[in-house]
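The values are calculated or read from the model by the stated rules, or taken from the named source; none is laboratory data. A quick note: this is a predicted structure, and the numbers were derived from the prediction, not measured. FYI the Cβ positions are ideal-geometry reconstructions off the backbone, even for glycines, and counts take in every protein chain you see.
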Amino acid sequence: MTTSTRSAHSLLLALGTTVGLGCAAIASAAGFDGSQDLLCAPSDVAQCDQNARCDRVSASEVDLPAFVRIEFGKKRLVSVESPERATPIETVRQKDGLTILQGAENGRAWSLVVDQASGRMTGSIADGEGVFALFGACTPR
């Protein structure tokens, strides 16, 4: 599986995805429950093929932005870097202390879960060839 084949250029996550500030501020659930936009940064990314073989990669190796904004009001994920890249958020749910976001675009489905107590984030981007597993954190903007 090549990086160019699995490029996530047209679908944002960093979050991660793959997303982590590592030292993200601990905030009340109100900051991570969809009531405020979030700024997220990828920290760990794994690229896995159809045979469940996974390799750790950097966000930049698979064309994920270093930072992504979750804009709840506009229902989209947006890269912070230029040129701006955005993908629509199709669903947002609150369940068991988690904010769960999902969407699909360009033959890929993505999912992002943010812990409302800590801002820690996990996510995935999947298509017919494999998946990116993303880990990181978010902070209220």
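If you filter the stretch 69-88 down to residues that are assigned to a strand (DSSP E or B) and of a type in the set (A, V, I, L, M), you find that the one that is farthest from D37 (Cα to Cα) is A86.
Here are some residues: A66, A41, A52. Which one is small (G, A, S) and in a strand (DSSP E or B)?
Details: A66 fails: in a strand (DSSP E or B); A52 fails: in a strand (DSSP E or B).
Only one candidate passes the filter, namely A41.
Just one of the listed residues (L98, L38) is aliphatic (A, V, I, L, M), touching a helix residue (DSSP H, G or I) at 6+ places or on another chain (Cβ under 8 Å), farther than 22 Å from D127 by Cα and at pLDDT 90 or above, and it is L38.
Of a type in the set (V, I, T), modelled with pLDDT under 95 and touching a Lys or Arg at 6+ places or on another chain (Cβ under 7 Å): does that describe V80? Full working, then the answer.
Working: of a type in the set (V, I, T): yes; modelled with pLDDT under 95: yes; touching a Lys or Arg at 6+ places or on another chain (Cβ under 7 Å): yes.
Taking the combined requirement at face value, the residue satisfies it.
Quick check on my filter: what residues within the stretch 98-141 are of a type in the set (S, T, Y) and in contact with a Lys or Arg (Cβ under 9 Å, 6 or more places away or on another chain)?
Looking only at the stretch 98-141, we keep the residues that are of a type in the set (S, T, Y), and these are 99, 111, 118, 122, 124, 139.
Matches in the stretch 98-141: T99 only.
Given the criteria at pLDDT below 90, aliphatic (A, V, I, L, M) and surrounded by fewer than 24 Cβ atoms within 10 Å (Cβ to Cβ), does L12 qualify?
Values: at pLDDT below 90: yes; aliphatic (A, V, I, L, M): yes; surrounded by fewer than 24 Cβ atoms within 10 Å (Cβ to Cβ): no.
In short, no.
Taking the criterion of being among the hydroxyl-bearing types (S, T, Y), part of a strand (DSSP E or B) and surrounded by fewer than 19 Cβ atoms within 10 Å (Cβ to Cβ), the residues of the stretch 89-123 that qualify are T91, S111.
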